[in-house]
Every structure is written in structure tokens, then in C-alpha cells.
1. Looking at (1) touching a Lys or Arg at 6+ places or on another chain (Cβ under 7 Å); (2) away from ligand 2 (no atom under 13 Å from the Cβ); (3) not aromatic (Phe, Trp, Tyr), can you tell me which one A:Glu96 breaks?
2. Any chance the range B:451-461 includes a residue that's in a loop (DSSP other than H, G, I, E, B), under 21 Å from B:Phe378 (Cα atoms) and touching a helix residue (DSSP H, G or I) at 6+ places or on another chain (Cβ under 8 Å)?
3. Starting from residues that are within 14 Å of chain A (Cβ to nearest Cβ) and in contact with a strand residue (DSSP E or B) (Cβ under 8 Å, 6 or more places away or on another chain), keep the ones in the range B:738-759 and report whichever is nearest to B:Gly681 (Cα to Cα).
4. Out of the range B:771-783, which residues are open to solvent by 50 Å² or more (accessible area, probe 1.4 Å) and within 30 Å of the chain's Cα centre (by Cα)?
5. Can you tell me which residue within the range B:205-226, out of those that are part of a strand (DSSP E or B) and within 24 Å of the chain's Cα centre (by Cα), is farthest from B:Ser245 (Cα to Cα)?
6. Looking at (1) open to solvent by 10 Å² or more (accessible area, probe 1.4 Å); (2) of a type in the set (Gly, Ala, Ser); (3) within 16 Å of ligand 2 (Cβ to nearest atom), which is the only condition B:Ser212 fails?
7. Among the helices (runs of 4 or more DSSP H) contained in the range B:371-448, which hold 2 or more residues that are open to solvent by 50 Å² or more (accessible area, probe 1.4 Å) and outside the structural domain of B:Asp765 (by TED's automatic domain parsing)?
8. Only one residue in B:Glu144, B:Glu185, B:Glu107, B:Glu179 is at pLDDT 95 or above, more than 34 Å from the chain's Cα centre (by Cα) and not assigned by TED's automatic domain parsing to the domain that holds B:Thr741. Which one?
Amino acid sequence: MENKTISVTVNGGSKASEVEPRRLLVHWIREALGLTGTHVGCDTSSCGACTVLLDGTPVKSCTMFAVQADGREVTTVEGLQQGGKLHPVQEGFKEEHGLQCGFCTPGMMLLGAALLEENPDPSEEDVRWAISGNLCRCTGYQNIVKSVQWAARKAASEQSGVNA
Amino acid sequence: MAVEEKEMPWVGRSVKRKEDDRFVRGGGNYLDDIRLANMLHMAILRSPFAHARIESIDTSAAEAVEGVVAVVTGELLAEHKLAWMPTLSGDTQAVLATDKVRFQGQEVACVVATDPYVAHDALELIDVEYEPLPVVVDPKKAVEDGAPIIRDDKEDQKDNRIYHWEAGDKESTDRAFSEADVVVELDTHYPRSHPAPLECCGCIADVNPATSKTMIYMTSQAPHAIRTVFALVTGLPEQNIQIISPDIGGGFGNKVPVYPGYVVATAASLLIGQPVKWIEDRTGNLASTGFARDFHMHGELALKQDGTMLGLRVGMLSDQGYAYADAQPSKFKAGLFHVVTGSYDMPAAHVVTDGAYTNKAPGGVAYRCSFRITEASFLIERLVQNAAYELGMEPVELRRRNFVRPEQFPYTSVTGFVYDSGEYAKALDVALEKSGYEQLRAEQERLRAEGRLLGIGVASFTEAVGAGPSRDYDILGIKMFDSAELRIHPTGKAILKLGVKSQGQGHETTFAQIVAGELGIPPEDVTVQEGDTDNTPYGLGTYASRSTPTGGAATAVVARKLRDKAKQIAAHTLEVSADDLEWEGDRFYVKGAPEQAATIQDIAFAAYTNHPQGMEAGLEGVTYYDPPNLTYPFGTYVVAVEVDAQTGEWKVRKVVAVDDCGVRINPMIVEGQIMGGLTEGFAMSAMQQITFDEDGNCMGSNFIDYLLPTAWETPTFELHATVTPSPHHPIGAKGVGESATVGSPAAFANAVVDALAHLGVRNIDMPLTSGKVWEAMQQARSS
Ligand code: FES
Ligand code: FES
């Protein structure tokens, strides 16, 4: 099949390139864009190491072809920080020891960030459910839950700080 | 908190991890993130059969694909004497199959291409003709007379037996059993499992034809040992081989061995003259690389009526797959399985172990485990609970009665281990109190009356970690010491280089804290470097909870060496005698005149600008630490579960873990390790296993068939600590990365069995799936 030209907004910037139609989104992100924070951990769409946000919604980028992202907006872990300032979930993972080897971490943080957009004050159960599509082999999840909740508190205090 | 964090000593403080900054930004540098100029990509063709003769391999169609640079077969490797390689247990393993394939998923051929997609396309065009052979999947059948011989490539191999190994003493054990009032028996299988780190294995081999330098980037937990093995296998001069382990996405023992992919990629790079990258896919990872466990165990425990343990007898058959490839000390054929007497003062024990070849992947790695200690701990803790039922005793009281007592340390076990320190009853007491054990027992009674099934499981484990003393511990002859090199720069900042290699354990922080504790240089000023064999001292790597006992000890010792030298320099700059100096925190001061002081930073500067005449300049040193003994972390875990009386499903109500790993360098990191380990323990007991059908098809070669717990199933853990320092470790620390994986499976299994104990259920093999639990209930009710 012939290559297609796609144009995707990635982390706020427009990226256009030619791509083989069968190329997976995760490979395009890693290889063509050099954004290697998005990882690959399985062949069956089971692990979520490849999670990115597509128009704000978490997707497993190994489950999509790059051409399917044409005209849409993708956020990867590299796009979480804004103007050099870490996103609250990034801080939360550092504060609450939410990572060990770090391989699942980008995916987990993106799930956390997306959850907080919808639910600014998630319970333990809310967080566990939200991240249950992704695997972590190191932490046992407990500190990931705490990290996301830490981020929720941080975001809330920043919010009230702005309002005050 | 009583003490301000800032005022706490560096050792014992939950310093936030230094490595996290890059990881949370997506800036980790894992193997697959590395790209070299002109790099080619390799993919592996695997056998669909568990046992078959290879009649022919036709690679011509694959070679014709545009972008394919080479197709490598076993035949080609054989021309270079590389078709077979040694395993870490001194057996042999095929790099690429030549004569036969001996397990499903075995490496048969490799394609090297300009693009990974092209490499995979071409794999499908390789035409291999197989003639299927009878398959042996059951190790018990494998060792029967007349079983098809799997390793007929080995001249002296006339059956499927690999080793027979005994520990302890048969005679005294037989005597103990003859004097027993009660003997309990247990037959159980610790199922085959796979560590499944989230990142698969891989490498980039870059053999430079101009300089003859061989650089291999590799997901390796033990890069130095791998370099030596590579030198021996390939005949390349060792000084020209550089192994670099970048950030590793989890290891858990899976990334200790040498795998065929590493060897073929290196050979391909050598032949082609370009870098070759191989990234394993998940199926390859689960189907072919180091599995763990797979022990068929028979245990017998002899006791007096009052509960005193008299002796332990164990017979064990290990399913090794088609090659004996355990990553473990060569002296001990079944690893440290003979620590099987656990936390108990056992007067007699006899352990008989046998290894068998089957048509399965090789491995036997120490999966978050100190060389088969997981199986041992599981067996004794399950036996003890069953013994309590038999005697009508409370299981924790039976444990308490038989614990090695504090005054018995150092305690020499009947199988030859010298336990360094322990306060087993103390950890048990904390666990009972924190879990509300008595109330749980009362509630169990109450619920039983209503037909509800609450189970309470306990495990009081002892581990033996930190291999190891060179008199007993080596891998392929290389002694299991470890090393640290510390260089303090003129401005008082430092770099610490280690022979161990983190895969998420937080070495960059923990080991910097040890330096800080010894020299007062804050952790943020200490860079920790690991994993580059050209730029770190030789060591055996990170697995089996050995980094803190060996590398951590080496770090403290080298820092103390530098402190001794610093004292001489301080005496010189302060113009006093060294005898008049006292060390405090980060400085030497003159006794009685604390304002006359030289900080470590002052001293470091002087070491390069104003060192005493006759002394070597600089402030650097290296230590190779040969531990005098292993360290023996221990603890008690209490698990409460409720089993659904209709369906056999069970839910964890409570997990209370009390761990004693001696001095905790960074309690936050220690707790992280324990929670990870508890999750593995839960996973083993509830779901994780790799099985095979009768044709040898692997039933767990992807994350759909091989179940791993998600955040949804994983219980919440409550952690507590007691602290009994190791008397021989320089800072009193013990290893901890694996305690919970070792100790907790028995606690979970004991809890489920305990829920059904009043029905007469005494055993359900792991994983205790709802189906198996239901069956056990049905059988008990109908009998
Ligand atoms: S790589 Fe595992 S789900 Fe995408
Ligand atoms: S931190 Fe290693 S997989 Fe999650």
C-alpha cells in the first residue's frame, strides 16, 4: 500500500510526515518523532505502556495505526509538563514513590492526568479502576494510587490559590 | 514526626529518588530508545513445535525481500562454532537450532533488515520443514525408563536426569521421624511462572570493524559477568568488549542470563559491520526466556505431640525445560532450596532434589528470589500450618514454639546456613497486633456459624540473601563479591561507580545515601554510575537481593577508606596530629576545639591542591567486598481472605506485612520493594502460571493467557517494620527486594486453605483459582 501523509498535533505542535498505512501509532511516535517516553510492553494491547492521550482520551497507541491519528491531537508524556513546570501527576509520582523502573510510568501518569480532568477528587477505588487497563510489575499499584491522589490535592490547592 | 526530616541522619531517611526526574519526564533511556547510525534490526523465527527434527530450512524467499540484509541460521553459526552456548549452570543451550528444536518458541533463524517491520515480514517467508517427535512435558514421566531422550546432542546423556543433589543428613532425619508422635505430609507444585518485567529483553550489538571494539547495549542485570561469558564464548578479547546496561524496565531475574538473541545480534553485527538491534516481543519473552519455579515438592514434618519440631524431609523434582539454565551459585544444584528449615530450630533435615529435562523453555531464574528460596519458604510455611491443624494447635503458637530464639544467633541450621540475626517472635507479635489477629479468629468462628468462609493465613519467613561469600558462592567460577569505586572531586562532589545494576530499585538514591552517611556529602552531590563495564568496577550484578549486602557494603567500606585518608589530609591542613581529630557528620574537628574543623569539601579540595608531601594526591578509592556471610531478613505476613462458599472465589480482606531487613537505608524505597513483592506473592497464589498442553504448546505466551494482577485485583497492603541489624554488614543492612515475594505466597495460600480447613481441606496447589477452590470444597463436602 502507498504511503500516506498525515498531520497530527503532538504536544501542541503540528507534525506532518509520510507514513506506511500499517505503521502503528506507537512506532510513529517513537521512531518518526523520536518521542521515546511512550513505551512498548506487549503484543496484545494488554499492558498500556504505550498509552497516550488522543483528543484528551487515553488510548493504547499500539492499538491504532498512525494514519488513524491524522488530523487529531496527541499528548505524550513529553507533553505533560507546561513551560518547564511539571504537571501535578508528575510531581505526585516523585513525591509518593509512584515509580520504580519507570517503564509503566508515562502511561500511568497520562491515565492519572486524564482522570483528574474528569474527577478532580478521586477515591482510591476511582484511581484503581482508572488505571486498571495498564500493568505495572514493580510497585504493586498502591503508591501509584497515592501519587494520583497527591496530584489531585496539589491541583486543588493551586486552583484555590489562583481563585483567592 | 518527632524528628525533622532535615535533621535525620542520611541513612534512614526517605530521600526522594534522584532518578525520578528523568523518568517522569519521559526521559528514561531504555534499550529500545537508543538509536545508532546505520543500525539494522533483527527478528527471531521461533519453533511452532515443542520437539521436532529440523529437516530443512529454506531462507531464499526471505533473503529476496527488499531491505533484508541477512538471514542467520544455526548452520551459519555452526561454521563459527557459535551454534551452542553455555548456560549459567554449566549446561549447554542452542543459540539457533541445528539438529532439533526442543521447546515451542525455540530460536530457529534470524532476519536482519533495515526496518523491524521488514524483518518480521521476511520471517514469514522462511520455510522450515519439521518432523515432529514425541513430546515430554511431565518431569515425572521424563525421568521414567524409556522416555524419549531430549538431550541426545550430549554424548553422555542417556536419560532426562540432570542432577541429583542432597543436603542435610539422612540418618539423623530418619531417626527423628522414628521418634515422632505426628508426621504431616504435603505434596504440592510450585507452578512455572515468568518474571515478565514490563520491558522485554533486547540488545544493540555494535562491532566496529575499524577498531575491533564490540559495544553491546543490553538489558542486563549483570553486565560484567556477561562480558566475561561473551569473551569466553566468542573468543573476542575481553578488553575490546564493552557492555552497557542502560535504564532497565524491570528485571526480576529475567535479565540475568545470556539469551540467543544477544549472541546472534553480536555475530550478525560482526559479519555485517553495522550495529544490529534486537528487541524481543512479549511472546518471545514469555515463551523462551528465563522462567522461574516449577518445583514438584513433597515435604514431611515430624513433630512431638506438644508441637516441638523434630525433623524435616523433602523430596523435590525440578522441571528445568530442555536446558539446565538456572542462574545460581554453581555449588548448589537447587539454589538455596536447602534453607527450607525456615525460621525454625529444626534438629534434623534431609533434602533430596532432582532436576529433569522436559520439552519446555530453559530458565530457572531467581524471580524476585534468592535462588529457589521462594519454593523452600512456601513449603515449610504450608507444612507448619497443616501440622497445626493435625495437632489441634493455633498455627502461630506452633511457629512461636519452634522459632530460632534471639539468643541462638548466630544460628547454624542443619543444612549449613549461619543465620546472622533475628527476632522472629517480635515480628510475629507486631503482625498479630496490627492485624487484629485474635479478633479475626473470633470473627472467623462467628462467620462459620453463618456458613461464611473467612480464612487467616500466616507466614513467618526467613530469607538468605546477599550472595555471597567467595568460599561458597560463584557463578561459572566467578566469585560473587561486589565492588564500589568512589571518586571525590576537588569541589567535594563525588561519583560512585558500582558493579551492581539497578532495574528500578533506586540505587542512584540509596547508594548515594550510604556515601552521605559515611562522608557527609549530600546525596544530590553524589552521582551513582552503574552498568557500563568500561567505566565501573567488576561485579556480579543485581539479583537475589544482593546489591545492598554486597554493593552497599562495598560503598560503605570504600567511603571509610577515603575518610581515613581524609583524616591525614585534615591533620595536614589544620596543622595538628591526626590523633587529635574527631569525625562528626561531614567534618574533622580538633578535639576540644570544634571551631577548628575541615569539612569533607575542604579536605577534597586540599587533596588536589595541598596534599601532604609523600602522600598520593587525590581522594579516590576502590573496594572489592567479599561478604563474610549472607544476610537473613525475616518477617511475618498475615493475610485474611473471604471465600465465597458457592463459587470458590476469594477476596483479600487484609494484608499486614511486618518486615525486618535490618537497618533501612531509605524506608520509602524499602516499602516500595515490599509492596511490589507482596503483589507478586498475591499474583502467584491467585493467577500467575505458565502451563503446557500435552503437545508442549505454551499456554502462557502473552498477557491474555498469562494473567498478571492489575490495580483492580491487587489488594491494599499495610506495612510495619522491626529492625534487627545484621551484625556483619558495615551499616547493619540486609537485602529486602525479594522478602515479600518469598514470604507472602504461603500467607495467601494458607489463608485460602484456612477458610476451608474445618471442612478438612489441607491443600490447594497454586494458583488457587476459584475453580480449584470450588473443587476442593466439593470434594470435602462429599467425603
Ligand atoms: S504495548 Fe502493551 S498495550 Fe500497547
Ligand atoms: S514502575 Fe516498573 S513497571 Fe511500573
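1. Unmet condition: (2).
2. Narrowing the range B:451-461 to residues in a loop (DSSP other than H, G, I, E, B): B:451-452.
Subsequent filtering for residues that are under 21 Å from B:Phe378 (Cα atoms) retains none.
So far as the range B:451-461 goes, no, none of its residues is in a loop (DSSP other than H, G, I, E, B), under 21 Å from B:Phe378 (Cα atoms) and touching a helix residue (DSSP H, G or I) at 6+ places or on another chain (Cβ under 8 Å).
3. Ranking the qualifying residues of the range B:738-759, first place goes to B:Ser744.
4. We begin by selecting, within the range B:771-783, every residue open to solvent by 50 Å² or more (accessible area, probe 1.4 Å); these are B:772, B:774-775, B:778-779, B:781-783.
Listed by number, the list holds a single entry, B:Lys772.
5. My answer is B:Ile216.
6. Here B:Ser212 meets the rest and fails (3).
7. Working: elements: B:373-391, B:395-402, B:424-435.
So the answer is B:395-402.
8. Going through B:Glu144, B:Glu185, B:Glu107, B:Glu179 in turn, the sole match is B:Glu179.
The values are calculated or read from the model by the stated rules, or taken from the named source; none is laboratory data. On a predicted model such as this, the values are computed, not experimentally measured, just so you know. Neighbour counts are summed over all protein chains in view; Cβ atoms, including those assigned to glycine, are modelled from backbone coordinates with ideal geometry. Surface accessibility is based on the protein's heavy atoms, side chains included, excluding ligands, DNA and RNA. Shrake-Rupley method; radii C 1.70, N 1.55, O 1.52, S 1.80 Å.
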